[in-house]
Amino acid sequence: MADERNGSPLFDTDAILRKAYFGVWLLSLVFAGFAIWGIVRYPHWSWAIPIAAAVVALAANHRLRTANRHGETILLGVTTLLFVVLSGVMLGVALRLART
């Protein structure tokens, strides 16, 4: 892991963090794309929740690139994971609500 004293982001030194960053980025864009497609196909207010969750996940994931403390990295990683899962779950809920 990176030395916290030199202030360099952990993203630069941790290969697992870089892979996770790319995976979350891709998954969030896919979920947001499905939600936008859902708005076009089945207009309903419930599609806003997965879109908002995907945007928050992308924002936390972007902030993760510049994190230079372990605690900050853990907090942002958990937040990112939580909102990616929320976006995926809410896609299913929105689809069920919109199709009824």
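The values are calculated or read from the model by the stated rules, or taken from the named source; none is laboratory data. As the structure is a prediction and not an experimental result, all values here were calculated from the model. Please note: Cβ atoms are built from the backbone with ideal geometry, for glycine as well, and neighbour counts cover all protein chains shown. Ligands, DNA and RNA are stripped out before the accessible areas are found, and what is left, the full protein with its side chains, is counted by its heavy atoms. Shrake-Rupley method; radii C 1.70, N 1.55, O 1.52, S 1.80 Å.
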**Prompt:** Tell me, what is the per residue accessible area of the chain in Å², probe radius 1.4 Å?
**Reply:** 62 Å²
**Complete:** Largest-first ranking of 84, 56 by accessible area, probe 1.4 Å, whole protein assembly kept, is 56, 84
**Request:** Taking the dipole about the Cα centre of the stretch 9-98, with the C-beta of Lys and Arg at +1 and of Asp and Glu at -1, give me whichever of 62, 45, 26 is farthest to the positive side.
**Result:** 45
**Complete:** Labelled set (i) 55, 18, 14; (ii) 64, 52, 17; (iii) 42, 26, 24; Cα extents along the principal axes in Å computed from this model equals the value at (i)
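How big is the dipole moment of the stretch 9-98 about its Cα centre under a simple scheme where the beta carbon of each Lys and Arg is +1, that of each Asp and Glu is -1, and everything else is neutral? Debye, nearest 20, please.
Numbers: 7 positive and 3 negative charges, 29 e Å.
Dipole size: approximately 140 debye.
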**Message:** Output the 0 to 90 degree angle, nearest 10, between the alpha-carbon long axis of helix 48-64 and the longest principal axis computed from the alpha carbons of the chain.
**Reply:** 10 degrees
**Request:** Find out how many positive minus negative residues lie around residue 76, taking Lys and Arg as positive, Asp and Glu as negative, among other residues whose Cβ is under 15 Å from that of residue 76.
**Result:** +2
**Prompt:** Tell me, what % of the accessible area of the stretch 9-98 is carbon and sulfur with a 1.4 angstrom probe?
**Reply:** 77 percent
**Item:** Label zone at residue 75 (point 7 Å along Cα-to-Cβ), backbone N below 16 Å, the stretch 24-55
**Value:** none
